[in-house]
Amino acid sequence: MLQPALAKQDDRNQPMDLHATTVDGFNLPNTITTLTGNVIATQGTLKATGDKALVYIDGDTQIKRIVITVNKGKLAHIEQVDDAGNLMTGDADQLDYDNINGIAVLTGHAVVHQQGRGEAHGDKLTYNTQTEYMTGNSGGDGLVHMIFLPKPKPAPGAPAAKPASPTTAPHATPPPTAPAATSSSPTPTKEQP
């Protein structure tokens, strides 16, 4: 499993913006609207694209779910930037995005890339855009393929980061010390038996 890094938390509080060549439907409770042609759905840094989208509206007139499909030979696409500024991208024959829970199910030739961390390939990948937790399965060869990237190391010869120095009072003056007694002959020491 790829290491978690939270998706952009403010995205869920942004309006969902939908664009397409044609629209067939309306924004009423418990309805489905169909968008076709150059579909683009955005919400904050989250962006999903494809050729056709079914937009499911719940009883509170909120977008509950979007199912994005593509014409043969193309892939539906999703991307999002996490709070650390890293880009996640996903591509598949079909993208089923649960807008209430932030879950993207990529089905058919599914690939998810996490910038600087790795990627996963499978027939079906389920990806939580809030936690970046992923599950997957595969048809064909029966395998889900994952690549984990090593954490970048500092370049050889690059100075190591210095630890923070302790804080001291500005212009602190050390307490006066008494002068040390001087003697011209060494002080004898007592040997231990």
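Does at least one position in the stretch 47-54 carry a residue that is more than 17 Å from Ile100 (Cβ to Cβ), surrounded by 19 or more Cβ atoms within 10 Å (Cβ to Cβ) and within 22 Å of the chain's Cα centre (by Cα)? Among the residues of the stretch 47-54, at least one is more than 17 Å from Ile100 (Cβ to Cβ), surrounded by 19 or more Cβ atoms within 10 Å (Cβ to Cβ) and within 22 Å of the chain's Cα centre (by Cα), which makes the answer yes. Exactly one residue among Leu106, Leu125 is farther than 21 Å from Thr42 by Cβ, in contact (Cβ under 8 Å) with a residue 12 or more places away in the chain and in contact with a Leu (Cβ under 6 Å, 6 or more places away or on another chain), and that residue is Leu125. Scanning the stretch 98-107 for residues that are more than 16 Å from the chain's Cα centre (by Cα) and either of a type in the set (Ser, Thr, Tyr) or not in a strand (DSSP E or B) (or both) turns up Asn99, Ile100, Thr107. Applying the condition of being hydrophobic (A, V, I, L, M, F, W, C) and out of contact with any Phe, Trp or Tyr (no Cβ under 9 Å at 6 or more places or on another chain) to the stretch 23-46 and asking which residue is farthest from Asn101 (Cα to Cα) yields Val23. Taking the options Gly140, Gly118, Gly108, Gly90, name whichever one is modelled with pLDDT under 90 and out of contact with any Gly (no Cβ under 6 Å at 6 or more places or on another chain). Going through Gly140, Gly118, Gly108, Gly90 in turn, the sole match is Gly140.
In the stretch 76-96 there is no residue that is assigned to a strand (DSSP E or B), under 26 Å from the mean Cα position of the chain (by Cα), hydroxyl-bearing (Ser, Thr, Tyr) and over 28 Å from Pro150 (Cβ atoms).
Restricting attention to the stretch 108-142, the residues that are assigned to a loop (DSSP other than H, G, I, E, B) and either β-branched (Val, Ile, Thr) or in contact with a strand residue (DSSP E or B) (Cβ under 6 Å, 6 or more places away or on another chain) (or both) total 6. Thr129 fails exactly one of the following numbered conditions: (1) surrounded by 15 or more Cβ atoms within 10 Å (Cβ to Cβ); (2) under 16 Å from the mean Cα position of the chain (by Cα); (3) modelled with pLDDT of 90 or more. What is the number of that condition? Condition (3) is where Thr129 drops out.
The values are calculated or read from the model by the stated rules, or taken from the named source; none is laboratory data. Just so you know, these numbers come straight off a predicted model, no measurement behind them. For neighbour counting, all protein chains shown are included, and Cβ atoms are generated from backbone atoms with ideal geometry for every residue, glycine included.
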